[in-house]
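A.B. asks: I'd like to ask some things about the structure below.
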Amino acid sequence: MDDERKSKTQMKNEVKALQKLGEQLVALSPDQLKRIHLPEELVAAVKDAHQFSQHEANRRQLQYIGKLMREIDSEPIQNALRNIQQGDYQKSLAFKKVEKWRDDIKAGNSEIIEEILDICPNAQRQQLNQLSRNVRNSKEAAKAAKASKALFRYLKEIYDS
């Protein structure tokens, strides 16, 4: 359908959708923003939006970002944002799995070590047993926390590699 045949409501809805996409861009970290191929003018506008603290100034900047977005194809940006969100979700799932392993080891579940060794082929049984022993045998709170952190770091390292 041509722009001339679209109703005023349809055009407003498209503009609002582009502004929402701009809001998502503004919410990204600088590293995430670098991963998306954007025109320089749009990148500058997104960075400027971070500096505004007043509601009205921020609203106007988001409108400007929406205006810039009308001039480019938004499909690649939507795909990149979706990929970033899925990547964050996968990291979150991995983090939760490692946390569960650590908690199971702290609770004394020795079967979990076999599961970890099956899932992570580069895990070393001796180091895993030593770290789990340290966690279970720590009596002082400070030593227990330190042992728990060491175990978590090791589990995360072997799960990520």
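A.B. asks: If you go through segment 97-141 one residue at a time, how many are in a loop (DSSP other than H, G, I, E, B), over 15 Å from Tyr154 (Cα atoms) and of a type outside the set (Asp, Glu)?
C.D. replies: Qualifying residue count for the region: 6.
A.B. asks: Further question: What are the pairs, 6+ residues apart or on separate chains, where a residue within segment 60-73 that is under 15 Å from Glu40 (Cβ atoms) has its Cβ under 8 Å from a residue that is charged (D, E, K, R)?
C.D. replies: So the pair list comes out as Leu68/Glu41.
A.B. asks: Next up: Could you list all residues from segment 114-132 that are under 20 Å from Lys146 (Cα atoms) and either crowded, with 16+ Cβ neighbours inside 10 Å or not assigned by TED's automatic domain parsing to the domain that holds Phe152 (or both)?
C.D. replies: If the condition is that a residue be under 20 Å from Lys146 (Cα atoms) and either crowded, with 16+ Cβ neighbours inside 10 Å or not assigned by TED's automatic domain parsing to the domain that holds Phe152 (or both), then Leu128, Leu131, Ser132 are the ones that fit.
A.B. asks: Could you say whether any residue in segment 57-72 is among the charged types (D, E, K, R), farther than 17 Å from Lys16 by Cα and either exposed (fewer than 12 other Cβ atoms within 10 Å of the Cβ) or modelled with pLDDT of 90 or more (or both)?
C.D. replies: No, segment 57-72 has no match at all.
A.B. asks: Now for a separate question. Check whether at least one residue in segment 75-94 is in a loop (DSSP other than H, G, I, E, B) and out of contact with any strand residue (DSSP E or B) (no Cβ under 8 Å at 6 or more places or on another chain), and report yes or no.
C.D. replies: no
A.B. asks: Just to be sure I understand, how many residues within segment 3-30 are over 18 Å from Leu62 (Cβ atoms) and surrounded by 13 or more Cβ atoms within 10 Å (Cβ to Cβ)?
C.D. replies: Number satisfying all stated conditions: 1.
The values are calculated or read from the model by the stated rules, or taken from the named source; none is laboratory data. Just so it is clear, the model here is predicted, and its values are computed rather than measured. Note that each Cβ is placed from the backbone with ideal geometry, even for glycine, and that neighbours are counted across all protein chains shown.
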